[in-house]
1. What number of residues within segment 76-103 are assigned to a helix (DSSP H, G or I) and either within 9 Å of the chain's Cα centre (by Cα) or not hydrophobic (A, V, I, L, M, F, W, C) (or both)?
2. Can you tell me which of T62, T72, T49 is free of Cβ contacts under 8 Å to residues at least 40 places away in the same chain and among the β-branched types (V, I, T)?
3. So L95 clears everything in (1) surrounded by fewer than 19 Cβ atoms within 10 Å (Cβ to Cβ); (2) within 18 Å of R198 (Cβ to Cβ); (3) in the same structural domain as A181 (by TED's automatic domain parsing); (4) in contact with a Gly (Cβ under 9 Å, 6 or more places away or on another chain) except one condition, right? Which one?
4. Which condition breaks for L149 when tested against (1) closer than 30 Å to G102 by Cβ; (2) exposed (fewer than 15 other Cβ atoms within 10 Å of the Cβ); (3) in contact with a strand residue (DSSP E or B) (Cβ under 6 Å, 6 or more places away or on another chain)?
Amino acid sequence: MSNDAGKAHLETYLAQVQRHLNGLPDAEAREVIAELYSHVLDKVDGVLTPQRVEAAIAELGTPKEVARLNVTERVVAHLETHRSPLSVFWGVTRLAGLSLYGFFVFLVSFTCYGVALSLIVTAAVKPFLPDHAGLWWSDDPQFGHTMALGVEFPAPHGHELLGWWIMPIGVVGGVVIGWLAWRFGIVSVRHMRSVARRGRG
């Protein structure tokens with residue numbers, strides 16, 4: 001009876017951990033839960049009394065702390081071998097729901113990558129559609145002054161600010177902003193792992 005109660009307590013704890021593993025694919029989440037279950041069994045020497053289980057999971061930390069650590073560790077491990085901008089952004093996205101800082105990093109990364117892509121696409125399209133691609137400034141009767149960057153159809157009303165300068169500015173600016181977003185993502189993910197480790201300790 002005591003073992004049944006201890007097992008139920010452990011399963012409840014693991015279910016709570018799993019709810020916070022939404023940044024991982026299902027297969028990886030199941031792997032994390034299996035590793036935690038095995039770890040607790042080793043700690044209690046296979047005797048699942050409520051007291052032993054409680055002591056073992058207290059060492060692990062709260063379900064949210066355990067989930068955050070496991071997700072960040074796996075994201076960082078992936079980024080050590082796959083460091084493309086897409087991989088870094090995907091890693092940031094997986095961590096967005098784990099903390100307020102993670103969500104902030106996602107918003108900054110999403111915005112910067114979006115601006116970088118808009119600059120590069122606008123620069124690439126400008127020679128072929130000069131009247132549709134650029135940085136536009138216009139007076140809108142409803143919204144007042146507006147600024148738009150990109151390729152628009154039909155051709156926007158207003159003044160195109162950069163002309164052909166959008167090509168070098170777009171390419172250089174897009175590459176620089178994209179690189180900064182990439183570096184920011186890598187540093188932020190490593191910082192989140194460090195915070196998660198300290199929280200566990």
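The values are calculated or read from the model by the stated rules, or taken from the named source; none is laboratory data. Values in this document were obtained by computation on a predicted structure and should not be read as measured data. Because the Cβ atoms are built from the backbone with ideal geometry, glycine has one as well, and the counts that use them run over all protein chains shown.
1. Qualifying residue count for the region: 16.
2. Selected residue: T62, the only one of T62, T72, T49 that is free of Cβ contacts under 8 Å to residues at least 40 places away in the same chain and among the β-branched types (V, I, T).
3. Single failed check for L95: (1).
4. (2)
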